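Since the structure comes first, as structure tokens, the remarks are kept for the end.
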Amino acid sequence: MTVIDLPAHQSQGLSEEAGNRLARALADPDARVRHAAAGALIDEREVLIGEEGVRALVRARSAPDPYVRAVAAELVRAMRAAAWEMYAEALGHGDAARAETIRGLAVLRAAAELGEIALTDPDWRVRERAAATLGVLDSRSAIGPLTCVLEDEIVAVRRAAVRALSRWAADRHYARTALTGALEDPDAGVRTEARWALA
């Protein structure tokens with residue numbers, strides 16, 4: 001990709017494909033292309049970015065280029081805040097569609113927000129989905145909330161937490177400790193899943 005290949009500005013903002021292309025360009029080997037893409041992403045008032053582009057932004061937060069890293073971190077922070085705001089608004093209205101924000105938060109690697117949902121959402125199905133989603137994130141940010149979710153009143157939510165924690169049973173002390181505690185759960189299914197995870 002070259003700077004010339006970057007999409008032209010449109011009066012109503014950039015299309016989703018154009019936003020995805022800009023996000024992918026953050027990994028371009030040419031620093032001029034990376035900087036032009038980062039500048040366009042941060043300067044454009046309205047850029048549509050699809051899931052592919054969001055994943056590229058999340059990866060760019062650890063890019064070697066400090067400008068790209070800073071832009072990507074700021075955009076991901078803003079997206080996390082917007083996703084949380086959408087969730088909170090849907091929660092305030094009792095809208096069950098708030099479960100859909102979980103997918104977006106997962107793509108953004110938003111463990112803190114997912115942990116909060118897993119612990120506090122009034123709908124057990126939403127808590128269960130958030131707990132399961134935490135299982136695909138980095139262990140450092142997911143194990144703590146999942147350990148707390150093991151105290152949920154709903155068996156399906158506790159089982160989701162055990163399955164999520166099982167990913168780290170072999171090499172994370174806190175996950176093993178939480179799973180060992182789950183061996184005392186009143187539900188036989190939770191106890192069985194914990195035993196399998198620890199085996």
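Across segment 160-177, which residue is farthest from residue 143 (Cα to Cα) among those that are part of a loop (DSSP other than H, G, I, E, B) and small (Gly, Ala, Ser)? Applying the filter and picking the extreme gives 170.
Evaluating residue 180 against the criteria (1) of a type outside the set (A, V, I, L, M); (2) part of a loop (DSSP other than H, G, I, E, B); (3) more than 27 Å from residue 88 (Cβ to Cβ) leaves one unmet condition, (2).
Residues that are among the small types (Gly, Ala, Ser) and either within 11 Å of residue 26 (Cβ to Cβ) or over 18 Å from the mean Cα position of the chain (by Cα) (or both) were ranked within segment 48-61; the one that is surrounded by the most Cβ atoms within 10 Å (Cβ to Cβ) is 60. Determine which member of the set 146, 165, 108, 150 is over 26 Å from residue 195 (Cβ atoms) and either in contact (Cβ under 8 Å) with a residue 12 or more places away in the chain or touching a Leu at 6+ places or on another chain (Cβ under 6 Å) (or both). Testing whether each residue is over 26 Å from residue 195 (Cβ atoms) and either in contact (Cβ under 8 Å) with a residue 12 or more places away in the chain or touching a Leu at 6+ places or on another chain (Cβ under 6 Å) (or both) leaves just 108. One residue stands out in segment 67-126 among those that are assigned to a helix (DSSP H, G or I), of a type in the set (D, E, K, R) and buried (at least 19 other Cβ atoms within 10 Å of the Cβ): the one that is modelled with the highest pLDDT, namely 113.
Of all residues in segment 113-136, one or more are aliphatic (A, V, I, L, M) and touching a Phe, Trp or Tyr at 6+ places or on another chain (Cβ under 8 Å). Take the conditions (1) out of contact with any helix residue (DSSP H, G or I) (no Cβ under 7 Å at 6 or more places or on another chain); (2) among the small types (Gly, Ala, Ser); (3) modelled with pLDDT of 90 or more; residue 27 misses just one of them, which is (1). Taking segment 51-84 as the range and being of a type in the set (Phe, Trp, Tyr) and under 16 Å from residue 111 (Cβ atoms) as the test, only 84 passes.
Quick check on segment 134-149. Is at least one of its residues more than 17 Å from the chain's Cα centre (by Cα), surrounded by 15 or more Cβ atoms within 10 Å (Cβ to Cβ) and not in a helix (DSSP H, G or I)? Checking segment 134-149: not a single residue is more than 17 Å from the chain's Cα centre (by Cα), surrounded by 15 or more Cβ atoms within 10 Å (Cβ to Cβ) and not in a helix (DSSP H, G or I).
Sub-6 Å Cβ pairs linking a first residue in segment 67-92 that is more than 19 Å from residue 33 (Cβ to Cβ) to a second residue that is of a type in the set (Ser, Thr, Tyr), at least 6 apart or interchain, are 83/101; 86/101; 87/101, ordered by first then second residue.
The values are calculated or read from the model by the stated rules, or taken from the named source; none is laboratory data. Everything quoted here is computed from the prediction, not taken from an experiment. Virtual Cβ from ideal backbone geometry, glycine too; neighbours counted across all protein chains shown.
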